[in-house]
């Protein structure tokens, strides 16, 4: 599992898209926010052994 911490939704989803171009992922469709903490988090699964689309 990968957890991305970013300033905003757009940045977190851009990181996910960048990784999806290089390996197989089970993408997340939304970010989460922790009350009282800045930014957002995005969690998704990544498989470095598989090519994208396989």
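We did not get these values from a lab; they are worked out from the coordinates using the rules stated. Quick caveat: nothing in here was measured; it's all calculated off a predicted structure. Please note: Cβ atoms are built from the backbone with ideal geometry, for glycine as well, and neighbour counts cover all protein chains shown.
Annotation for residue 9 and residue 47: the two label points, set 7 Å from Cα along the Cα-Cβ direction, are 2.9 nm apart.
Values [x] 120; [y] 85; [z] 62 are given for comparison; volume of the Cα convex hull per residue in Å³, derived from the coordinates here, is the one labelled [z].
The length gained on full extension between residue 24 and residue 2, counted as 0.36 nm times the residue separation minus their Cα-Cα distance, comes to 6.7 nm. Between helix 9-20 and the chain there is an angle of about 20 degrees, using the helix long axis and the longest principal axis of the Cα atoms.
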